[in-house]
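Notes to accompany the following structure.
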Amino acid sequence: MKKIMALVLAAMMLLACCSALAEAPEGYPEVKEGIDFGGKDIYIYDYWTNADSQWENWTEMDPDTQKTYDYRKWLEETYNCKIHQIQNGDWGTCAQVMIDFVANGGEADKLALFIVEPGKIGSLMTNGVAADWNYDFSADKWNKLDKDFVTIGGKTYGAYVGYTEPRAVLYFNKKVLEDAGIDPESIYDAQKDGTWTWEMFEDMLKKITRDTDNDGVIDIWGLTGSGDDMNNAFVFNNGGKWFDFDENGQLYPAMNTDNVMEALAEAKKIGQNYFYAQPADGNWDYYKEAFKAGNIGFYSYQCYGGLAFGNGSSKNTELADMEDDWGIVAFPVKEAGMQYITVGTGCDNITMIPSCYDEETVQKLAFIYDMWTNDTPGVDTETSWIGDKYDMTDDRAIDETYWMLLNNSVANRVSLLGTQNDVLGNSLLWQWLSDQTPAELIEAGMPAWQALCDTFNGK
C-alpha cells in the first residue's frame, strides 16, 4: 500500500512540475514542451556588440529595460540555457568566422547562430555553410522581404526580424531651395499625391544650378552625393533590377532591359548637367562635407547619414552638425502614380544557423531565436522606430517619407553574389559619368556577371 501511495505521489509531483512548466507569466509566450538545452551556452554572434553591453551585465535599468532583462532570464530558466549576443569578427570577416565554425564541426561546449552582413550570405547558402531553418515564418514579426531574399528552392537559410532599414533617399537643403524660388513643402506635397517625378526633379535642378556671380563658374549646384545610390534608386524605381531569378530558379543578370537602360540614361543626364562631381583633389566621400557647406540643393545618400535606424540616437549621424535645415524625400519616379521605394545594397543583416547541427538542434535554435527576438512582453514598441528623429529634421520627413520607406523597400539581389562594389562598382556604377553609354557598359560587363551567376547556380 505504501509503495502504491509513493507512486501516486510521484505521479502527482510530476504532473505538478509539468503544469508549472506549461504556465508562463501573463503576456509571455506559451511554453513549448520538450525543449531543453541541457544548460548549454547559446551565442548569437554579430559584428558590433561588445562585452560591456551584454544584457546579462546590465545593472541600472529603467522599467522597460528591466522587463526585457526579466523576460530573457525567464527564457534561460525555462529552456535551460544561457544566451549571449556578442561580437565575433567584424563586417568583413563575420562570414569567414561562420565558415571556420562549420568546418570545425562546431564547438562542443556551446551552440551558435551568426548574424552576417548581406554581401556574404549568398556563398554561405550555396556552399552548404548555412542550414535550412524549416521554420514557421508566418508571424508578422518576420521580415517577408528578407525571407524571400534568403529562400532558394523552397529552403530558407536565414531570418530577420522587423522593418528593413530605409537606405537610398534624397536629402534637400531648405535654404538653397528657397533661394532658388522653390517651396520645400511642395516636394513633400508632390510625394504625398504621387506627382514627385523625374520631370519635376529636373525642373528644380535647373532652377538651383546656377552661376550667381557671373564669373563663368557654377557655384550653386543642384545635386551631389553617392552615384551608386542614385543609379540604384532610378533603376529600381523604374521597375528594373540588376539580377533576378528565372522561371527555373536560376539567378541571371537582369539589367539588359528597357527599364534599366532608360533609368541609367536619366541618371546620367542629370549627372552631366546638375551634379557636383568629385574634385580632382577630393576623396571618394567628398560629397558628405560638400552638401553641408550650403551651396547644393539635393543630396543622394543613404538614410543613416542623417537618421539612425530604429531607436538609436541620430545625434551622432553625419548631418548632425549641418547648420541649414534639411528634409528627406524618396527618389522621384518616372511617371505620376508609380510607387516610391528605397533600395539598399541587398537586404538586412541575416541571422543564420550553422549547417553542422542536426535537424533537431536547428529547430531548437530557430525556436529560441524566435523567442529571443520577440517584443518584450509589457513594453509598447509600436513607435520605437522613431527614436530622436524628430529632433533632427521636420515632421514630414519622419511621418511621411521615413514611414513610407519602412514599408516600401525592395531587395537588390546583387548581394547574393558579393558586395555591390565588387560586383557592379568598377564595371558599371562607378562609370556612370564616363563616355560609355549604359548599353555599352552592360554589354561589356555581362560575361563577368553571367559567370558569377553560373557559380551561384552551381554550374
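Here, each number is a calculation from the coordinates, and none is a lab measurement. Model, not experiment: these values are computed from the prediction. As a convention, Cβ positions derive from the backbone with ideal geometry for all residues, glycine included, and neighbour counts pool all protein chains shown.
Going by alpha carbons, how many degrees (0 to 90, nearest 10) lie between the helix axis of 184-193 and the longest principal axis of the chain?
Helix 184-193 sits at roughly 60 degrees to that axis.
Of all alpha-carbon pairs in the chain, indicate the percentage at a distance above 40 angstrom.
Details: 31007 of 105111 pairs.
Value for the chain (Cα pairs over 40 Å): 29 percent.
Counting Lys and Arg as +1 and Asp and Glu as -1, each charge on the Cβ, what is the dipole of the chain about the Cα centre in debye, to the nearest 20? If you can, show how the numbers build up before the last one.
Values: 33 positive and 75 negative charges, 286 e Å.
Its charge dipole is roughly 1380 debye.
Assign one of three labels to region 22-95, namely rounded, prolate or oblate, based on the Cα gyration tensor with a ≥ b ≥ c the square roots of its eigenvalues; rounded applies when a/c is under 1.5, prolate when it is not and a/b is larger than b/c, and oblate otherwise. Show your work: numbers first, answer last.
Numbers: a/c = 2.58, a/b = 1.41, b/c = 1.82.
Judged from the Cα gyration tensor, region 22-95 comes out oblate (a/c at least 1.5, b/c at or above a/b).
Given a Förster distance of 22 Å, report the FRET efficiency between Glu33 and Thr373 from their Cβ-Cβ distance, rounded to the nearest 0.05. Before the final figure, lay out each step's value.
Numbers: r = 21 Å, r/R0 = 0.96.
My answer for the efficiency is 0.55.
Helix 198-208 sits at what angle to the longest principal axis of the chain, using alpha carbons and giving 0 to 90 degrees rounded to 10?
Approximately 60 degrees, to the nearest ten.
Could you tell me which of the pairs Lys269/Lys315; Lys192/Lys241; Lys155/Lys269 are separated by over 31 angstrom between their Cα atoms in the structure shown? Walk me through the intermediate numbers first.
Working: Lys269/Lys315 35 Å; Lys192/Lys241 25 Å; Lys155/Lys269 42 Å.
Beyond 31 Å between Cα atoms: Lys269/Lys315; Lys155/Lys269.
Could you calculate the FRET efficiency of Ser427 with Glu26 from 1/(1 + (r/R0)^6), where r is the beta carbon distance between them and R0 is 51 Å, rounded to 0.05?
0.35
Quick check on packing: order 289-300, 135-146 by the mean number of other C-beta atoms within 10 Å, highest mean leading. List each step's numbers first, then the result.
Values: 289-300: 21.3, 135-146: 14.2.
The peptides rank, most packed first, as 289-300, 135-146.
Any idea how far apart Asp399 and Asn134 come out in nm if each label point goes 7 Å out from Cα toward Cβ?
Going from the Asp399 label point to the Asn134 one covers 5.0 nm.
Output ³J(HN,Hα) for region 74-85: one whole-Hz value per residue in order, computed from phi by the Karplus curve 6.51 cos²θ - 1.76 cosθ + 1.60 with θ = phi - 60°, and x for Gly and Pro.
4, 4, 4, 5, 5, 10, 6, 7, 10, 10, 10, 10
What list of whole percents do you get for P(r) of region 161-206, with Cα-Cα distances grouped in 5 Å bins up to the one holding the largest distance?
Pairs per bin, as whole percents: 5, 17, 25, 25, 13, 6, 5, 3, 1.
Taking each pair of different alpha-carbon atoms in region 329-397 once, compute 1/r for the pair, average those values, and report the inverse of that mean as the Kirkwood hydrodynamic radius in Å to one decimal.
Numbers: mean 1/r = 0.0589 Å⁻¹.
When all Cα pairs of region 329-397 are included, the Kirkwood radius is 17.0 Å.
Could you please rank Leu416, Leu124, placing first whichever residue has the fewest other Cβ atoms within 10 Å of its Cβ?
Result, fewest neighbours first: Leu124, Leu416.
Roughly speaking, what is the stretch gain from Thr195 to Ala103, that is 0.36 nm per residue apart minus the C-alpha to C-alpha distance, in nm to one decimal? Walk me through the numbers on the way to the answer.
On the way: separation 92, 0.36 × 92 = 33.12 nm, distance 5.38 nm.
Stretched out fully, the Thr195 to Ala103 stretch lengthens by 27.7 nm.
So if I restrict to the alpha-carbon atoms in region 88-144, what is the Rg, and what is Dmax, the biggest pairwise distance, in Å?
In Å, with Rg to one decimal and Dmax whole: 12.8, 36.
Given 10 °C and 1.306 mPa s, how large is the Stokes-Einstein diffusion coefficient of region 77-208 in µm²/s, with Rh as the Kirkwood radius over Cα pairs? Intermediate results must be reported in sequence, preceding the final value.
Details: Rh = 19.2 Å.
The calculation lands on 83 µm²/s.
Please give the FRET efficiency for Asp244 paired with Asp435, using the beta carbon to beta carbon distance and R0 = 35 Å, rounded to the nearest 0.05. Intermediate results must be reported in sequence, preceding the final value.
Working: r = 29 Å, r/R0 = 0.83.
In this case the efficiency is close to 0.75.
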